[in-house]
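Down below is the structure, laid out as structure tokens.
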Amino acid sequence: MLDNSTFDYKPHLKSAYIDPIRTVTVIDDEYPTIDDLISSTKDSFSQDNISRLKDIIDISRSEEYNWLLDVYNGKEKKIQEGTVSNRLYHSDLLIL
């Protein structure tokens, strides 16, 4: 029988918590959303924030994870009214 000091939990944690993730939402008002990128407001974001977001996108789209990714800036009428956005209910992982 294995005791707790020799049992390797990492594979079980990965299969229970990481492998089931399919969708990821990044919430940060300093990152441009897709809507921002196709509009004229993209120039208002710092290059450092865009670079960090690109790293997150690259990791999410890597062969290892293959996650569907959305970027959300929290600017929505529902948020201002104190209710939760419907966009957050459809995500397996939130990155704040």
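List the residue pairs whose Cβ atoms are under 7 Å apart, where the first residue sits in segment 39-67 and is exposed (fewer than 10 other Cβ atoms within 10 Å of the Cβ), the second is at pLDDT 90 or above, and the two are 6 or more positions apart or on different chains.
none
Within segment 6-47, take every residue that is basic (Lys, Arg) and over 14 Å from LEU93 (Cβ atoms) and give me the one that is modelled with the lowest pLDDT.
Within segment 6-47, the match that is modelled with the lowest pLDDT is LYS42.
Taking the criterion of being assigned to a helix (DSSP H, G or I) and either surrounded by 15 or more Cβ atoms within 10 Å (Cβ to Cβ) or not small (Gly, Ala, Ser) (or both), would at least one residue in segment 16-23 satisfy it?
Within segment 16-23, one or more residues are assigned to a helix (DSSP H, G or I) and either surrounded by 15 or more Cβ atoms within 10 Å (Cβ to Cβ) or not small (Gly, Ala, Ser) (or both).
The values are calculated or read from the model by the stated rules, or taken from the named source; none is laboratory data. All values reported here derive from a predicted model rather than from experimental measurement. When we count neighbours, we look across all protein chains shown, and the Cβ atoms used for this are built from the backbone with ideal geometry, even at glycine.
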